[in-house]
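So the structure is just underneath, and the comments pick up after that.
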Amino acid sequence: MIAMGVLAARSDSPQHAITLLGLVLASHFLTDHAVYLGGCWLRTRLDRFPRFRSPLARVTSRLEASPRALYGLIPARVFPLGRAAWLAGCGVVGVRWSRFAAVDLLALLAHLATWSGLGWWISGDIGRIVFSAEVGRAAALWLVISLVAAVAALVCWRRWAQWQPSTQHAMRRAADTLRRWRG
């Protein structure tokens, strides 16, 4: 999405930018609805099992009782918070298609504005992209080093009790050897 914002900002005319962003919006809208329909298909399969009927009916009734609960799809669509699970879940619990389409369109507009807007903003200076890639690479390196150090520290901490007797024994032997060596 960020790349689409960069491409739209660097396009030759506003019509090209609008066309590009419109196509991005339409493609996401179609894939979201394909996932929703997958959830609807799964619902028919889950209805065969009595064990799943009552929890699904409970979730469906709670969503119908609180219409605003479906707005949780908006931050899940903008940020990678289990987007596909939300979309398929709407189909599984039986959210009406018209309601799903309206909320999904609102979420897609927020998604497009956030990420393509970010791309549009940084399109003026590609140097920022290169710099952020270098910073990201350095941050990833530090993250890997800290993860390895944390795992090594955890292993050492878990093994500390087993190492103590051998360490104390080795220290006593070294002290005895040093005493003998000195005279």
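The values are calculated or read from the model by the stated rules, or taken from the named source; none is laboratory data. Everything quoted here is computed from the prediction, not taken from an experiment. Virtual Cβ from ideal backbone geometry, glycine too; neighbours counted across all protein chains shown.
I'd like the full set of residues that are charged (D, E, K, R) and under 18 Å from Ile74 (Cα atoms), limited to region 25-58. Step through it out loud before you land on a result.
Our first condition is that a residue be charged (D, E, K, R); within region 25-58, this holds for 32, 43, 45, 47-48, 51, 53, 58.
Across region 25-58, the qualifying residue is only Asp32.
Scan region 145-168 and tell me whether some residue there is part of a helix (DSSP H, G or I), modelled with pLDDT of 85 or more and under 20 Å from the mean Cα position of the chain (by Cα). Taking every residue of region 145-168 in turn, at least one turns out to be part of a helix (DSSP H, G or I), modelled with pLDDT of 85 or more and under 20 Å from the mean Cα position of the chain (by Cα). Only residues that are surrounded by fewer than 19 Cβ atoms within 10 Å (Cβ to Cβ) and of a type in the set (D, E, K, R): list them for region 73-82, please. Selection gives nothing.
Of all the numbered requirements in (1) surrounded by fewer than 16 Cβ atoms within 10 Å (Cβ to Cβ); (2) modelled with pLDDT of 80 or more; (3) assigned to a helix (DSSP H, G or I), Gly127 misses one, and that requirement is (2). Quick check on Gly5: is it over 17 Å from Gly117 (Cβ atoms), within 21 Å of the chain's Cα centre (by Cα) and surrounded by 12 or more Cβ atoms within 10 Å (Cβ to Cβ)? Considered against the rule, which asks whether it is over 17 Å from Gly117 (Cβ atoms), within 21 Å of the chain's Cα centre (by Cα) and surrounded by 12 or more Cβ atoms within 10 Å (Cβ to Cβ), Gly5 comes out as no.
Report whether or not Ala139 is at pLDDT 80 or above and over 30 Å from Ser11 (Cβ atoms). Walk me through how you get there before you give the answer.
Numbers: at pLDDT 80 or above: yes; over 30 Å from Ser11 (Cβ atoms): yes.
Answer is yes for this residue.
Filtering region 83-113 down to residues that are within 20 Å of the chain's Cα centre (by Cα) and touching a residue at least 60 places away in the same chain (Cβ under 8 Å), which residue is surrounded by the fewest Cβ atoms within 10 Å (Cβ to Cβ)? Out of the qualifying residues, it is Leu109.
Looking only at region 169-183, residues that are loosely packed, with under 10 Cβ neighbours inside 10 Å and either of a type in the set (A, V, I, L, M) or at pLDDT below 80 (or both) come to 2 in all.
Among the residues of region 87-97, are any in a helix (DSSP H, G or I) and either among the charged types (D, E, K, R) or at pLDDT below 80 (or both)? No, region 87-97 has no match at all. Among the conditions (1) assigned to a helix (DSSP H, G or I); (2) within 27 Å of Trp121 (Cα to Cα); (3) under 26 Å from the mean Cα position of the chain (by Cα), the only one that Cys40 does not satisfy is (2). Taking first residues from region 48-60 that are farther than 17 Å from Trp86 by Cα and partners that are at pLDDT 80 or above and in a loop (DSSP other than H, G, I, E, B), the Cβ contacts under 7 Å between residues at least 6 apart in sequence or on separate chains come to Arg53/Asp47.
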